[in-house]
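Contents: one structure, followed by commentary.
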Amino acid sequence: MKKIDRSCKVRKNFHQAKWDEAIIFELSQKGERGILVPKAETKISEKVGDGISKLPKNMKRKTVLNLPEMSQNRVLRHYTRLSQETLGADVNVEIGQGTCTVKYSPKINDQLSRIPKMAELHPLQDESTVQGILQIMYETDLYLREVSGMDRITFQPGGGSQGVFTMASLVYAYYKEKGEENQRNEIITTIYSHPSDAAAPHVKGYKIVYIHPDENGYPDFEAFKAAVSDKTAAFFVANPEDTGVYNKNILKFTKLVHEHGGLCGYDQANANGLLGVTRAKEAGFDMCFFNLHKTFSTPHGCGGPAVGATGVLKHIEKYLPAPLVDYDGEKYYLNYEITNNPYSVGKIRSFNGVAQVVLKAYAWIRSLGPEGLYQVAKTAVLNNNYLFKKLMELPYVDAPYIKGKQRVEQVRYTLEKLYNETGVSTADVQRRMMDFGMHYWQSHHPYYIPEPMTLEPTETPSKADLDEYIETLKFIFNEAYTNPEIVKTAPHQSVCHYIDESGMDDPEKWAVTWRSYQKKFK
């Protein structure tokens, strides 16, 4: 048998599985069952009847529930095939999506979250029956206080954007108590902060003031000085921003806001390179949020479940959503005392956090300890700057701002030169990467940098992984000059080939559920 030639790092012979798998509703066969539920024993039937007739009339369905009817082996086949049509951290080098779910998450933490005592928890259980998870929430709160310098953490927000919304709600509550909620109607953010830092406060009713970068890529302080006024409710910012540029003068910004009576909220979605290095408190922030599903290794699996753990200093604590988790020396309990404050934001969502996500973050923090968290930051920054140096050696890759200086945990590059010389865009490169079993992150919002390429390697990949990713990019860049059509028409060896995505911008063509698809197109 001929040995496979492994001298080239680029996986030229990769080909992903394609099953032409139908939607599970289309696989349904009337009467087919996966599980045959045994009839109730006589004594049980005598006690509760058929289990349905005693239900109140308004709780009974008028029509049969429309669920797929399938045998167990066909269900197993279906989901196994779908898993083979997916790229992800367990099958390929995931650099493009960085901390946004794809850094290595220990499998033992997944197993912990699936044990019956966790998987079968219900948020309405009596406190006495959930002492374990309450202890975990309480202690995770303490750990995040140490990481951030904040005085209290809530796990109620269901993700990063809801964490920003929580901060906007806290700001509103703070000024409402002072009678200044109408006067202070502006929130300042930077153009390279995450879009949620503007969107969520806008939902709360705030006017958004954007600060653009100066020639070095830092938020323009002169423009910032002009923007801050007695209308300023708060300053929300990510630091580092998605350019990978860290604003070392951030304290100057937060001091200025405080001098004008405003508050400061820190978007710490990019905290992976900062653990044990800097803290929100010392940078002058009154509040902050972390994405547990990013920095703290609890992957949300493309959209949820997640937790946007939000921390505040003492003077903001009384406005937090309820309940908080406390310990009285004997037992852990849900503390609703905060609802006695009429200016508390009340609730951000129905229940506290996603218990399994908090558990995984707790396990990850406990397994690493303070020095381990610091090492995560150092390795993530080292990996990023190795990738940065190697890519900047290529003539068709550039990165605007702070020339000659290092970045933190990620970089937003530009492929403008490649596009101008070949017509191959960053979106073409992204699709071509699939042909080699690679992922290339395509969220570069806002699109201010032409032909953006945002890469965040995290602490996870080895040097060999990084080199494989770099060699694959170089291979595609070379194709752009020698055979651009193969890049523009990619993917060729993935589950799907090139598809028309124009419908993505037309709500009339959207069908986000099987039911809406049937209504629109059947």
Checklist entry - What's the percent breakdown of Cα-Cα distances in the stretch 174-225 across 10 Å bins, shortest bin first? => result 25, 42, 28, 5, 0
Checklist outcome for this item: Counting only DSSP loop positions in the stretch 179-224, the GluC sites (Glu not before Pro) whose Cβ has at most 12 other Cβ atoms within 10 Å are Glu215
Checklist entry - For the peptides 117-126, 138-147, 227-236, what is the packing order when you average, over each peptide's residues, the other Cβ atoms within 10 Å and list the highest mean first? => result 227-236, 138-147, 117-126
Checklist entry - If you count, for each residue, the other Cβ atoms within 10 Å and average over each peptide, how do 254-263, 331-340, 455-464, 152-161 line up from highest to lowest? => result 152-161, 455-464, 254-263, 331-340
Checklist entry - Which residue, chosen from Thr80, Leu55, Phe25, occupies the Cα position most advanced towards the positive end of the dipole of the stretch 8-81, where the dipole is computed from +1 (Lys, Arg) and -1 (Asp, Glu) charges on Cβ about the Cα centre? => result Thr80
Checklist entry - Out of Gln493, Met433, Phe521, whose Cα points farthest toward the positive end of the dipole of the stretch 404-522 (charges: +1 Lys, Arg; -1 Asp, Glu; placed on Cβ)? => result Phe521
Next on the checklist: Rounded, prolate or oblate for the stretch 425-519? Axes are the square roots of the Cα gyration tensor eigenvalues, ordered a ≥ b ≥ c, and the cut-off for rounded is a/c under 1.5.
Outcome noted: prolate
Checklist entry - Sorted by accessible area with a 1.4 angstrom probe, largest first, how do Tyr343, Tyr174 fall? => result Tyr343, Tyr174
Checklist entry - When only DSSP loop residues count, what chymotrypsin sites (Phe, Trp or Tyr not before Pro) in the stretch 410-502 have their Cβ near at most 14 other Cβ atoms within 10 Å? => result Tyr447, Tyr448, Tyr498
Checklist entry - Over the stretch 255-324, what is the mean sequence separation of C-alpha contacts under 8 Å (at least six apart), divided by residue count, expressed as relative contact order in percent? => result 27
Checklist entry - About the Cα centre of the stretch 408-522, what is the dipole size in debye to 20, counting +1 per Lys and Arg Cβ and -1 per Asp and Glu Cβ, all else neutral? => result 620
Item to check | Within the stretch 46-175: Cβ-based charge dipole about Cα centre, in debye rounded to nearest 20 (Lys, Arg +1; Asp, Glu -1) | outcome: 720
Checklist entry - So what is the 222 nm mean residue ellipticity for the chain from helices alone, if each DSSP H run of at least 4 adds -39500 (n - 2.57) and you divide by all residues, rounding to the nearest 500 deg cm²/dmol? => result -11000 deg cm²/dmol
Checklist entry - So if R0 is 25 Å, what FRET efficiency would Gln518 and Lys107 give, r being the distance between their Cβ atoms, rounded to the nearest 0.05? => result 0.05
Checklist entry - If contacts are Cα pairs under 8 angstrom and at least 6 residues apart, what is the relative contact order of the chain in percent? => result 20
Next on the checklist: Can you classify the stretch 19-67 as rounded, prolate or oblate using the Cα gyration tensor, where a ≥ b ≥ c are the square roots of its eigenvalues, rounded means a/c under 1.5, and otherwise it's prolate if a/b beats b/c and oblate if not?
Outcome noted: oblate
Checklist entry - Hey, what's the stretch 178-228 come to in accessible area per residue, 1.4 Å probe, Å²? => result 47
Checklist outcome for this item: Answer in debye to the nearest 20: the dipole magnitude of the chain about its Cα centre, from +1 Lys/Arg and -1 Asp/Glu charges placed on Cβ, is 1480
Checklist outcome for this item: Expressed as a whole-number percentage, the relative contact order of the stretch 210-342 with C-alpha contacts under 8 angstrom and at least six residues apart is 15
Checklist entry - What's log10 of I(q)/I(0) for the chain at q = 0.10, 0.12, 0.13 Å⁻¹, Debye sum over Cα points only, no solvent? => result -0.94, -1.26, -1.39
Checklist entry - Quick one: of the DSSP bridges fully inside the chain, what percent are antiparallel, nearest 5? => result 50
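The values are calculated or read from the model by the stated rules, or taken from the named source; none is laboratory data. For clarity, every value in this text was computed on a predicted model and none was experimentally measured. Cβ: placed from backbone, ideal geometry, glycine included. Neighbour counts: every protein chain shown. Just so you know, the surface numbers come from the protein's heavy atoms only, side chains and all, with ligands and any DNA or RNA stripped out. Shrake-Rupley method; radii C 1.70, N 1.55, O 1.52, S 1.80 Å.
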